[in-house]
Amino acid sequence: MGHTLFIHHRSKHHAKNSGYSRLVDYYIGSASVNGDQNLPFIAAKQWAKMAKKQAGIYDAGSVFKEYALFKSLKNRDKQEPTTVHYLNGERDIRYIVRYGSVFKNTRFCATFHKPPKTLDTLIHNTNYISRLDGAVCVGENQVNYIKERFKIPQVKYIPHGVDSTFFVPTLHKVYNQPILLFVGQHMRDFEALNYCVPKLAEAIPDLKVHVIIHKAYVNKVLPHRCVEVFSGINDAMLLKKYQEATALFLPLLDSTACNSILEGLACGLPIITTDVGGNSGYLKSTDAVLTKLGAYDDLIEHTIKIVLNESLLETMRKKSRMKGEALDWEFVASDVNDFHASLF
């Protein structure tokens, strides 16, 4: 329906085939606003300094994006319905939204990624965000919070997507050595990882634990004979690590949508994680392990049970892959398109 402008944002730690910005690749008839670099950087930096920080992240890049968005809206066909969608509602939202009523036939919405506790600390001033016409939540745990706190008229849970054509199980997997895979650093429960690894190594013969993590967080992982840490790997190596793993072992402190869990599902990995945030919504019908926060011994017990049971592993692999396919970006983009239409 009409024209859609996505205000682009991409987290630096995401692989090329990961992250919410992939939505733009699957949404037909949209354009991405990356920022107008013709604006002098010093001016953008100064403008960003004057902006209220209590309303979410707003930096020089945000100024570039707002300037580019202003020009796009000013030069568009005023008769064509236009949706402006901020890919990351925790940042970049300021003046265009505040004075959005001057742009006729235009609706503004954003996708929020952070759990309620983080939004509490990040956004104190809701005067800008509350002017949005709609909000997309990637975690079921966000919906009521965003409705009540931000007073946005239309709020909908639409799952985060995954590229299930890139993240796929290997066709010729040979299951020899058991390998647990731990990916990422954001909201990861490193205390759980470090507690569980030695005990799992005692119970599971020849166990390997592969940890993929940004180099700045390597010291969070305690050394152990079965642990191997990987940093700065490319997309092909990331996929290989998913494909050769026995299960994704990923205890979390909180969540909405976790890219690593989605990618693990698409690669057909049994998921072992924590029952926090939006995890239970993403893992319905997968037989995934969801333990209580801090229940490390339960994590250990369930992991041993799964890794040493080939029949159970095979059942979980199939269910994970089915779930991953159902969360493909193609379906998510269609749902987002329908949401945009509902704003009018």
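The values are calculated or read from the model by the stated rules, or taken from the named source; none is laboratory data. None of the values given here were measured: they were computed from a predicted structure. Note that each Cβ is placed from the backbone with ideal geometry, even for glycine, and that neighbours are counted across all protein chains shown. Accessible surface is based on the protein model in full, side chains and every heavy atom, while ligands, DNA and RNA are left aside. Shrake-Rupley method; radii C 1.70, N 1.55, O 1.52, S 1.80 Å.
Key figures
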| item | result |
| --- | --- |
| Paired Rg and Dmax values of the range 27-81, which use every Cα atom, in angstrom | 13.2, 37 |
| Candidate lysines for bridging to Lys117, where Cα separation is under 21 Å - those fewer than 8 sequence places away on the same chain excluded | Lys52, Lys53, Lys147, Lys151, Lys156, Lys292 |
| Paramagnetic reach from Leu222 (point 7 Å along Cα→Cβ, amide N under 17 Å) across the range 154-193 | 189-193 |
| Nearest-0.05 FRET efficiency for Asp297 and Gln177, computed from C-beta distance (R0 30 Å) | 0.75 |
| Simple label model, 7 Å out from Cα along Cβ direction - Ser101 to Phe344, nm | 2.2 |
| Eligible aspartates and glutamates near Lys319 by straight Cα distance, threshold 14 Å, same-chain separation 8 or greater | Glu263, Asp287 |
| Chain lengthening between Ser21 and Asn75 when straightened (0.36 nm per residue, less Cα-Cα) | 17.0 nm |
| Highest average packing first - 177-189, 65-77, Cβ atoms within 10 Å | 177-189, 65-77 |
| Alpha carbon convex hull of the range 69-211, volume per residue in cubic angstrom | 162 |
| Asn38-Asp120 pseudo-label distance in nm [points 7 Å out on the Cα-to-Cβ vector] | 4.6 |
| Whole-number percent relative contact order across the chain, with pairs defined as alpha carbons under 8 Å at least 6 apart | 17 |
| Normalised contact order of the range 1-127, rounded percent, pairs of Cα under 8 Å and 6 or more residues apart | 29 |
| Calculated over the range 240-343: convex hull of Cα atoms, volume per residue (Å³) | 98 |
| Hits among lysines - C-alpha to C-alpha of Lys104 under 19 Å, sequence gap 8 or more where chains match | Lys71, Lys74, Lys78 |
| Cα principal axis extents for the range 1-55, largest first, Å | 36, 31, 25 |
| Expected 222 nm ellipticity per residue - DSSP helices of 4 or more, -39500 (n - 2.57), all of the chain, to 500 | -11000 deg cm²/dmol |
| Taking the range 87-244 and dividing mean pair separation by its residue count, relative contact order in percent (alpha carbons under 8 Å, at least six apart) | 16 |
| Heavy atoms of Thr170: accessible area, 1.4 Å probe, square angstrom to 10 | 50 |
| Rounded to the nearest 20 debye, dipole of the range 92-180 from Cβ charges on Lys, Arg, Asp, Glu | 320 |
| Directionally averaged shadow of the range 163-205, computed from the convex hull of its alpha-carbon atoms, nm² | 4.7 |
| Rg(Cα)/(2.2 N^0.38 Å) for the chain, N = residue count | 1.06 |
| Net length gained if the chain between Leu312 and Arg149 were fully extended (0.36 nm per residue, minus Cα distance) | 54.4 nm |
